[in-house]
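Below is one structure; the comments refer to it alone.
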Amino acid sequence: MKRALIFLGPPGAGKGTQAKQIAQSCSVPHLSTGDMFRDAVSQGSELGKLAKPIMERGELVPDDLVMKLVKERLSRPDCDRGFVFDGFPRTLEQARQLDRILESRGFGKPLVIDFDVSEQKLLRRLSGRWTCSVGGEIYNIYDAPPKRPGICDVDGGKLVQRADDQPEVVKERLVAYERQTKPVTDYYRRQGVLETVDGGAGVEEVNRALREVLNGAKRS
Ligand SMILES: [Zn+2]
């Protein structure tokens, strides 16, 4: 079956985990623009060369560059049967351009899954996250704490909180996400292709709900 799946949701919604899992079980590629740009940069492709200095400055890669990369990626044979896009499109303009690319590649409308998680839960998931300064192991002080506070179970390394995971920064990231993607989810909702999944449950439960949505959409 040929189908374009798009998973959207705020940071910490768990969409990446689900996207990987669903892609694997459907034998289609799991796509994220972050990975695509990292690949392009490491392969030294033309787009990679253009994107590299922008990424190094920590700036957002402009839409036209993003769309060129997406178009190139979707033209590869492994995407012929479908794919799972993880966290893309992020802007209304990207969504519109993606529709045109999908049409040109013989896809119908995408099925878009919006992972809905309460702000309280997202804050707990994200700001509870501490990372080992030695081995990079990730803990959550609420849900998966280390045996000894502040110390890694594996290598005894000191746990640190990344700047991105500090509560004030997390709140800002969530507000920015909401502001940026609201037009995108509205766009898909108007087209009747948006499904919402409760991302606040455990990984297994979310996966089950997701499969029900995917199967339902297959039948209709
Ligand atoms: Zn460690």
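Conditions (1) within 17 Å of the chain's Cα centre (by Cα); (2) under 22 Å from Gly108 (Cβ atoms), marked per residue:
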residue: Gln180; (1), (2): yes, no
residue: Arg189; (1), (2): no, yes
residue: Thr196; (1), (2): yes, yes
residue: Ala201; (1), (2): no, no
residue: Arg208; (1), (2): no, no
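Of the residues in the stretch 179-189, at least one is outside any loop (DSSP other than H, G, I, E, B), out of contact with any Pro (no Cβ under 7 Å at 6 or more places or on another chain) and under 16 Å from Lys15 (Cα atoms). Picking from residues in the stretch 38-58 that are small (Gly, Ala, Ser) and closer than 10 Å to Leu69 by Cβ, the one that is surrounded by the fewest Cβ atoms within 10 Å (Cβ to Cβ) is Ser45.
For (1) within 15 Å of the chain's Cα centre (by Cα); (2) closer than 24 Å to Leu174 by Cβ, each residue gets a yes or a no:
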position	(1), (2)
Pro29	yes, no
Leu47	no, no
Met55	no, yes
Glu59	no, yes
Arg73	no, no
Glu103	no, no
Gly106	no, no
Lys109	no, no
Val117	yes, yes
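Let's see how each residue does on (1) more than 21 Å from Asp99 (Cβ to Cβ); (2) at pLDDT below 95:
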residue	(1), (2)
Leu5	no, no
Gly16	yes, yes
Thr33	no, yes
Met36	no, yes
Ala40	yes, yes
Ser45	yes, yes
Glu56	yes, yes
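Just so you know, in the stretch 151-169 the residues that are surrounded by 11 or more Cβ atoms within 10 Å (Cβ to Cβ), of a type in the set (Asp, Glu) and not in a loop (DSSP other than H, G, I, E, B) include one that is farthest from the ligand (Cβ to nearest atom), and it is Asp164. Only a single item in (1) within 16 Å of the ligand (Cβ to nearest atom); (2) modelled with pLDDT of 95 or more is not met by Lys71, and it is number (1). If you check Pro89 against the conditions, is it modelled with pLDDT of 95 or more and in a loop (DSSP other than H, G, I, E, B)? When the stated conditions are applied, Pro89 passes them. Across the stretch 98-150, the qualifying residues are those that are part of a helix (DSSP H, G or I), surrounded by 17 or more Cβ atoms within 10 Å (Cβ to Cβ) and not hydrophobic (A, V, I, L, M, F, W, C), and the one among them that is farthest from the ligand (Cβ to nearest atom) is Asp99.
The values are calculated or read from the model by the stated rules, or taken from the named source; none is laboratory data. Just so you know, these numbers come straight off a predicted model, no measurement behind them. Cβ atoms come from the backbone with ideal geometry, glycine included; neighbour counts cover every protein chain shown.
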